[in-house]
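Visitor: Let me give you the structure first, and then I'll get to my questions.
The values are calculated or read from the model by the stated rules, or taken from the named source; none is laboratory data. Note that this is a predicted model, so its numbers are computed, not measured. With ideal geometry, Cβ positions are generated from the backbone for all residues, glycine too; neighbour counts draw on all protein chains shown. Side chains are part of the model used for accessible areas, which takes the heavy atoms of the whole protein and leaves out ligands, DNA and RNA. Shrake-Rupley method; radii C 1.70, N 1.55, O 1.52, S 1.80 Å.
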Amino acid sequence: MTVSRLLHTQRPQPLITVLILQPLTVKRVMDYIVLNRLCNRILARHHLSMHIEREGYVSVINTELRLKNVINKNAAFAANVCQNVYMETIPEVLINGHTDTKVSFIPNIIDYVLREILKNSFRATVEGHMLKVDKPPIIVSISNAPDYWRIRVSDRGAGISDSQLQNIDNYCYTSFKEESDYSEAFGQLLNPSVQDHGSSLAGYGVGIPVSKAYLNFVKGSLEYQTMPGLGTDVYIKVPHLNRILDEVRI
């Protein structure tokens with residue numbers, strides 16, 4: 001029932017409605033495609049979950065999702081990708097704050113978002129300190145409040161310039177040297193493994209826009225605070241499941 005209510009209210013409007021009633025932009029159409037696929041995949045997994053019992057799960061929702069474990073898992077993935085690209089020493093990931101926090105949430109969504117953000121943090125730190133053996137650590141902080149839980153990812157890379165910050169939410173925009181074209185990015189966007197596990201280190205320009213679309217789906221947010229030349233803090237804010245359902249109207 002929980003998943004059905006969430007999908008009922010959060011599924012995007014028909015594409016023809018989007019095109020007629022709202023300004024036509026690449027971002028709007030791509031958001032529509034991303035959220036439709038997300039809803040379809042959640043609905044399919046919800047159906048399968050009715051036939052497969054998993055401890056700690058209600059449908060696709062993990063009712064005891066420990067955020068520290070999620071961060072460690074995705075940090076290991078991002079570190080491995082980064083090391084394969086740069087063949088450099090990689091920064092350590094330090095976790096602080098409310099490290100015992102457990103939440104009820106859909107793991108695939110937060111996995112994707114954290115992997116994309118951590119890959120960016122690893123890349124920025126390595127590129128910003130290429131000549132140093134000991135790289136400054138990436139610090140991940142967890143905060144748990146009655147209505148929301150938050151994760152902050154702080155790196156001390158090169159930061160984000162004003163021009164990059166203006167385009168960071170756009171699909172197919174990338175600051176990576178080897179830029180891809182729209183067809184490659186679109187192919188990556190529709191790849192199921194990419195949607196679950198994240199793309200390569202960088203270059204397709206879909207990681208951040210898709211992450212924002214995913215968080216908007218659960219009424220969360222993704223925000224940046226950056227100081228060019230010093231580093232970037234990324235803030236993930238997600239309401240607790242009961243708060244999301246309080247806003248659901250059938």
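Visitor: Is it true that D147 is crowded, with 22+ Cβ neighbours inside 10 Å and acidic (D, E)?
Guide: Working: crowded, with 22+ Cβ neighbours inside 10 Å: no; acidic (D, E): yes.
Considered against the rule, which asks whether it is crowded, with 22+ Cβ neighbours inside 10 Å and acidic (D, E), D147 comes out as no.
Visitor: Still on this structure, please answer the following. Taking the criterion of being assigned to a loop (DSSP other than H, G, I, E, B), among the acidic types (D, E) and either open to solvent by less than 10 Å² (accessible area, probe 1.4 Å) or on the phi < 0 side of the Ramachandran plot (or both), would at least one residue in segment 91-105 satisfy it?
Guide: yes
Visitor: In the set I160, I138, I151, I109, which member is touching a strand residue (DSSP E or B) at 6+ places or on another chain (Cβ under 8 Å), touching a residue at least 60 places away in the same chain (Cβ under 8 Å) and under 21 Å from P239 (Cβ atoms)? Please lay out each step first, then the result.
Guide: Details: I160 fails: under 21 Å from P239 (Cβ atoms); I138 fails: under 21 Å from P239 (Cβ atoms); I109 fails: touching a strand residue (DSSP E or B) at 6+ places or on another chain (Cβ under 8 Å).
Testing whether each residue is touching a strand residue (DSSP E or B) at 6+ places or on another chain (Cβ under 8 Å), touching a residue at least 60 places away in the same chain (Cβ under 8 Å) and under 21 Å from P239 (Cβ atoms) leaves just I151.
Visitor: Continuing with this model, one more query. For segment 112-144, which positions are within 16 Å of K68 (Cα to Cα) and open to solvent by less than 20 Å² (accessible area, probe 1.4 Å)?
Guide: The initial filter retains those residues of segment 112-144 that are within 16 Å of K68 (Cα to Cα), namely 112-115, 117-118, 138-144.
If the condition is that a residue be within 16 Å of K68 (Cα to Cα) and open to solvent by less than 20 Å² (accessible area, probe 1.4 Å), then Y112, V113, L114, I117, L118, I138, V140, S141, I142 are the ones that fit.
Visitor: I would also like to ask the following. Please name all residue pairs, on different chains or six or more residues apart, with Cβ atoms under 8 Å, provided the first residue is in segment 47-65 and is among the aromatic types (F, W, Y) and the second residue is in a strand (DSSP E or B) and surrounded by 11 or more Cβ atoms within 10 Å (Cβ to Cβ).
Guide: Y57/T63
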